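Enquirer: Quick one: the structure is below, questions incoming.
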Amino acid sequence: MTAVQSDASALLGVYARVGPSFVAGEGSELIAEDGTRYLDFVAGIAVNALGYNHPVIREAVLRALDTGLVHVSNLYRSEPGELLAAELVARAFNRQGQAFFCNSGAEANEGAFKFARKWSGKTEIVAFSGSFHGRLFASLAATDRPDYRRPFEPLLAGVQIVPLGDRAAATRAVTAATAAVIIEPLQGEGGVRPVDAGFLAFLRDLCDAQGAALIFDEVQCGLGRTGTLFAYEQTGVTPDLLTLAKPLAGGLPMGAVLLSDRVAAALAPGDHATTFGGGPLVATVALEVLRTIAEPDFLAEVRAKGAWLGQSLERLAANSPRVRAVRGRGLMWGIELGEPAAPFVTAARDRRLLVLTAGPNVIRIVPPLTISQGDLERGVAVLAEVLA
């Protein structure tokens, strides 16, 4: 057999990949094949919360490999997954719930929809403008991206998308036929938009009145990204189901649905399944990532760095007529422009800073939660230069 050369054309062309080929990473930097270092304000799309080559992840992977158990399936018990589930539920629902593990955020949301429908005995789902919940058939139906949806219609029936923050529209949409209402406490792909806590409390009351499940999608904004372990902790509103993924296993593929006891009680063996979800290797890593992020001092640092970043971006906005608004919490921020954001993403990459978009006009900033103050300052200086 002849040697195979690296060739991007062999990959299905559903991504428009840009920039260099990365071969290594350290701290908050990615290293290209020519040795050039890029400061990373993308973190694998909010996945690499502990940055690159972090000892917690490396040691957890090695410890898991030493057992010889990468996978055993969910036909049998496995301690790492049970420990992770107990710790997640304890932190999210004060031990009053259960966890289901899968492989991605889209799978987590699909599972949450099924669980809500089984619990409620109803079928309709309500989502909101600006939402992004995944690319599978039910999660795509609840995602407010017409260009993503159109080629694959008809999608799941019975899903409504109503204007975010519109209480009258939500009241009309959430009825006795509604199984679930799904919302991101801080929208990511929709432009980095924090949702008002009062609106979330209104949805909580509406769901209780109509017998619907309230789902918080924290796939991107959860697990320390906003400065608390879960974004909803800052709102005073507790959901019935919470979906997690991106940073959960430190870059290994893992998603989770956390269910309150009253929803979990409706599920029985055979109602849902996964081959790989919660396997020994990913669960071992995820438990260490969770414990690291959940440390009060770690979260306090995220809040402090996030406050500095927000103030710095506000000053940048005041000096750039291109900037319409700055939004975010913790280490998740969006810079809304009066023009397309893509050219500025390219200009930043040319200056060795990686950022990404959140919709056509928003620059999104989601660096590793472990990023140093010096690296934050360096990145903001590049952004100021690009937007000048």
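Enquirer: For region 201-221, enumerate the residues that are under 16 Å from SER260 (Cβ atoms) and in contact with a strand residue (DSSP E or B) (Cβ under 7 Å, 6 or more places away or on another chain).
Expert: If the condition is that a residue be under 16 Å from SER260 (Cβ atoms) and in contact with a strand residue (DSSP E or B) (Cβ under 7 Å, 6 or more places away or on another chain), then LEU203, ARG204, CYS207, ALA212, ALA213, LEU214, ILE215, PHE216, ASP217, GLU218 are the ones that fit.
Enquirer: Now a separate question. Out of the residues in region 281-320 that are crowded, with 22+ Cβ neighbours inside 10 Å and of a type in the set (Gly, Ala, Ser), which is nearest to GLY374 (Cα to Cα)?
Expert: Of everything passing the filter in region 281-320, ALA286 is nearest to GLY374 (Cα to Cα).
Enquirer: Give the residues of region 248-271 that are surrounded by fewer than 22 Cβ atoms within 10 Å (Cβ to Cβ) and in contact with a Phe, Trp or Tyr (Cβ under 7 Å, 6 or more places away or on another chain), sorted by residue number.
Expert: Within region 248-271, SER260, ALA266, LEU267 meet the criteria.
Enquirer: Given GLY68, GLY25, which one is closer than 24 Å to ARG378 by Cβ and modelled with pLDDT of 95 or more?
Expert: Just a single option satisfies the conditions, and that option is GLY25.
Enquirer: Same structure, new question: Do we find that GLY13 is more than 25 Å from the chain's Cα centre (by Cα), of a type in the set (Gly, Ala, Ser) and surrounded by fewer than 10 Cβ atoms within 10 Å (Cβ to Cβ) in this structure?
Expert: No; evaluated as a whole, the condition is false for this residue.
Enquirer: Moving to a separate point now. Could you tell me whether region 92-109 includes any residue that is touching a strand residue (DSSP E or B) at 6+ places or on another chain (Cβ under 9 Å), closer than 30 Å to THR238 by Cα and surrounded by fewer than 16 Cβ atoms within 10 Å (Cβ to Cβ)?
Expert: yes
Enquirer: Return the only residue of ALA231, ALA209, ALA249, ALA245 being at pLDDT 95 or above and more than 17 Å from the chain's Cα centre (by Cα).
Expert: ALA209 is the lone residue from the list that is at pLDDT 95 or above and more than 17 Å from the chain's Cα centre (by Cα).
Enquirer: A further question follows. Filter region 184-211 down to residues that are surrounded by 14 or more Cβ atoms within 10 Å (Cβ to Cβ), aliphatic (A, V, I, L, M) and out of contact with any Ser or Thr (no Cβ under 7 Å at 6 or more places or on another chain), then give me how many there are.
Expert: Summing the residues that are surrounded by 14 or more Cβ atoms within 10 Å (Cβ to Cβ), aliphatic (A, V, I, L, M) and out of contact with any Ser or Thr (no Cβ under 7 Å at 6 or more places or on another chain) in region 184-211 gives 3.
Enquirer: Could you tell me which residue of region 321-358 is farthest from GLY188 (Cα to Cα), considering only residues that are of a type in the set (Gly, Ala, Ser) and surrounded by 19 or more Cβ atoms within 10 Å (Cβ to Cβ)?
Expert: In this case the residue turns out to be ALA348.
Yes/no matrix, rows are residues, columns are (1) part of a helix (DSSP H, G or I); (2) touching a residue at least 60 places away in the same chain (Cβ under 8 Å):
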{"position": "VAL23", "(1), (2)": "no, no"}
{"position": "ILE31", "(1), (2)": "no, no"}
{"position": "GLY35", "(1), (2)": "no, no"}
{"position": "LEU62", "(1), (2)": "yes, no"}
{"position": "LEU65", "(1), (2)": "yes, yes"}
{"position": "ALA90", "(1), (2)": "yes, no"}
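Listed here are the residues, each with its yes/no results for (1) under 22 Å from LEU244 (Cβ atoms); (2) in contact with a Gly (Cβ under 7 Å, 6 or more places away or on another chain); (3) modelled with pLDDT of 95 or more.
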residue	(1), (2), (3)
ALA108	yes, yes, yes
PHE128	yes, no, yes
ARG135	yes, no, yes
ALA173	no, no, yes
ILE182	yes, no, yes
ARG193	yes, yes, yes
PHE199	yes, yes, yes
PHE202	no, no, yes
ALA213	yes, no, yes
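The values are calculated or read from the model by the stated rules, or taken from the named source; none is laboratory data. Owing to the predicted nature of the structure, the values given are computational and were not obtained by experimental measurement. Glycine gets a Cβ as well: all are built from the backbone with ideal geometry, and neighbour counts include every protein chain shown.
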